[in-house]
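Here it is: the structure, laid out below.
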Amino acid sequence: MHLSRFHIGLAMVVGLTCAPLLADWPQWRGPKRDGESAAVALPRQWPPQLRRLFSVEVGEGHAAPVVVGDRVVVFTRVGEQEIVRAIHARTGEELWKDSYDAPYTMDPAATAHGKGPKATPTIHDGRVYTHGMSCVFTCYDLQSGKVQWRHDFIKQYQATGPQYGTAASPLIEGDLVITVIGDAKQGQILALDRKTGQIRWRTPCDGPAYGSPVVADLAGTRQVVTLTRNTLSGLEPTRGRLLWQTRYHTAYEQNCLTPIVLGDRIFISGYMRPTASYRITRSGSRFDVTEEWRNERLKMYMSSPVLHRDHLFGLDQTGKLVCLETKTGQVRWSGGGFGEYASIIRVQDDLLVCDESGELAVVSADPGSYQEKARLRLSDQPIWAHLAVVPGVLYAKDRTRLLAYELPR
């Protein structure tokens, strides 16, 4: 069903007065943190180029835009300051801005990817949560931009994140906001009261990875699932008690993906690591982790995959998009030509795949074969930030700009 401008506007107004709707894009990888949108209608016939609604200079960084109601929140860097902006979702007008000093020294191996920020903000219940490269964690009021609380964790560790900088995006679970802090040697999975900022629990870990935590029901138990530097773990959300853990190591300790959960299974991959399916089971108070299958033909490095009808769609390190069966791990097809990284969004039966070159491909999420419907250029600058999509509008953050494009009805 196609949404009229009236209904788009209504969704925006309602989104301002309550928790984010499925029509919003309030956090890393969308409403359910899985790269899917159920509220957007894509055109049957794509034009050669999308109409640009606005282009706004906002600064550098890989953090993705997030959208609730009539507001787009972007988190960037200008010089040695991190800046949070709320921008009108249809006009590009700046509604409020906050900045703070955030000097950051890059690891020499990581300079090509810049000083961030890389963690995408989270909007929930009228508040915005940001996690900066130097581990400044802030809560803002969405309407006014007023700081509600702030923590600076820089003094707790020798460094403020893994080699390429803090990248884990804040996760909301109940009255908590959860993240991972630390350096390349040690860290903590941390839960704070989302209203007051009070630390509610800390669980030691071997240091943060680059992927973001998710929350899911596995083996009949609510759990926070996250990669750390060398592990995949499940924790009890209210107290942070470790339920299970399995070693998951990649070369150069580059665990970048956000875990994908389907039923009691978790799909994960990494740099030079095959895609694998892990099943979580429970016997009494004991949880077990069993590897069900692995596939060497899909090695996902930085790009988190999406699910559709018992199939997993992900970007291999060779630049090919690959479709796997979730039950067996069998490859159904491999196709296309993409770069080192791509943000992948599933909208109904289609995939929006934007790689770092700034080019968008529309691909059918059909397990039968690779079918590319359209290719459009979004920017002549690199796009490393994940896309955001809401009814009628596609948002992209390139090297320094926030871009908004109209999705034809």
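Among the residues of the range 177-209, write down those that are farther than 15 Å from PRO237 by Cα and in contact (Cβ under 8 Å) with a residue 40 or more places away in the chain. Steps first, answer last, please.
Kept after step one, since they are farther than 15 Å from PRO237 by Cα, are these residues of the range 177-209: 181-187, 195-198, 205-209.
Listed by number, the residues that qualify are ILE181, ALA184, GLY187, LYS195, THR196, GLY197, GLY207, PRO208, ALA209.
Take the residues of the range 180-196 that are at pLDDT below 95 and of a type in the set (Val, Ile, Thr): which is nearest to MET106 (Cα to Cα)?
Only one residue fits best here, namely ILE181.
Right, next: Which strands (runs of 3 or more DSSP E) does the range 58-119 wholly contain that include 3 or more residues that are assigned by TED's automatic domain parsing to the domain that holds PRO31, of a type in the set (D, E, K, R) and surrounded by fewer than 24 Cβ atoms within 10 Å (Cβ to Cβ)?
Values: elements: 66-68, 71-78, 81-88, 94-101.
Answer list for the range 58-119: 94-101.
Return the pairs, sorted by first residue and then second, in which the second residue is among the aromatic types (Phe, Trp, Tyr), the first residue lies in the range 22-49 and is surrounded by fewer than 20 Cβ atoms within 10 Å (Cβ to Cβ), the beta carbons are less than 8 Å apart, and the residues are 6+ apart or on different chains.
PRO31/TRP25
I would also like to ask the following. Residue by residue through the range 246-269, note down the ones that are without any contact (Cβ under 8 Å) to a residue 40 or more places away in the chain and part of a strand (DSSP E or B).
Across the range 246-269, the qualifying residue is only ARG247.
Of the conditions (1) of a type in the set (Gly, Ala, Ser); (2) part of a strand (DSSP E or B); (3) surrounded by fewer than 19 Cβ atoms within 10 Å (Cβ to Cβ), ALA404 satisfies every one except a single condition; which number is it?
All conditions pass for ALA404, except number (3).
What number of residues in the range 179-217 are under 20 Å from ILE266 (Cβ atoms), of a type in the set (A, V, I, L, M, F, W, C) and buried (at least 24 other Cβ atoms within 10 Å of the Cβ)?
First pass over the range 179-217, keeping only residues under 20 Å from ILE266 (Cβ atoms): 179-180, 189, 203, 205-206, 208-217.
Subset that is of a type in the set (A, V, I, L, M, F, W, C): 180, 189, 205, 209, 214-216.
Still in the running and buried (at least 24 other Cβ atoms within 10 Å of the Cβ): 180, 189, 205, 209.
Summing the residues that are under 20 Å from ILE266 (Cβ atoms), of a type in the set (A, V, I, L, M, F, W, C) and buried (at least 24 other Cβ atoms within 10 Å of the Cβ) in the range 179-217 gives 4.
Being of a type in the set (Val, Ile, Thr) and modelled with pLDDT of 95 or more is the filter; apply it to the range 137-178 and report the residue that is surrounded by the most Cβ atoms within 10 Å (Cβ to Cβ).
The extreme case among them is ILE178.
Hey, any hits in the range 376-383 for a residue that's part of a strand (DSSP E or B), more than 20 Å from the chain's Cα centre (by Cα) and either surrounded by fewer than 18 Cβ atoms within 10 Å (Cβ to Cβ) or modelled with pLDDT of 95 or more (or both)? Before the answer, list the steps.
Initial filter on the range 376-383 (part of a strand (DSSP E or B)): 376-377.
Within this subset, residues satisfying the condition of being more than 20 Å from the chain's Cα centre (by Cα) are 376-377.
In the following step, the residues that additionally are either surrounded by fewer than 18 Cβ atoms within 10 Å (Cβ to Cβ) or modelled with pLDDT of 95 or more (or both) were identified as 376-377.
For the range 376-383, residues part of a strand (DSSP E or B), more than 20 Å from the chain's Cα centre (by Cα) and either surrounded by fewer than 18 Cβ atoms within 10 Å (Cβ to Cβ) or modelled with pLDDT of 95 or more (or both): present.
Give, as residue ranges, the strands (runs of 3 or more DSSP E) completely inside the range 278-374 that count at least 2 residues that are touching a Cys at 6+ places or on another chain (Cβ under 8 Å). Spell out the reasoning first.
Working: elements: 286-295, 306-308, 311-315, 321-325, 331-335, 342-347, 350-355, 359-364.
So the answer is 311-315, 331-335, 342-347, 359-364.
Further question on the same structure: Can you tell me which of LEU352, LEU360 is at pLDDT 95 or above and closer than 17 Å to LEU307 by Cα? First the steps, then the outcome.
Details: LEU360 fails: closer than 17 Å to LEU307 by Cα.
Going through LEU352, LEU360 in turn, just one is at pLDDT 95 or above and closer than 17 Å to LEU307 by Cα: LEU352.
Sticking with this structure for a sec: Can you name the residue in the range 114-136 that is over 18 Å from SER212 (Cα atoms) and not basic (Lys, Arg) and is also modelled with the lowest pLDDT among such residues? Full working, then the answer.
Our first condition is that a residue be over 18 Å from SER212 (Cα atoms); within the range 114-136, this holds for 114-115, 125-127.
In the following step, the residues that additionally are not basic (Lys, Arg) were identified as 114, 125-126.
Working: GLY114: 89, ASP125: 98, GLY126: 98.
Among those residues, the one meeting the criterion is GLY114.
So which pairs qualify, if the first residue must be in the range 397-408 and outside the structural domain of ILE87 (by TED's automatic domain parsing), the second must be outside any strand (DSSP E or B) and modelled with pLDDT under 95, the Cβ gap must be under 6 Å, and the two must be at least 6 apart or on different chains?
Within 6 Å, the pairs are PRO408/PRO43.
The values are calculated or read from the model by the stated rules, or taken from the named source; none is laboratory data. Nothing here was measured: the structure is a model prediction, and the numbers come from that model. Here Cβ is always computed from backbone atoms with ideal geometry, including for glycine, and neighbour counts include all displayed protein chains.
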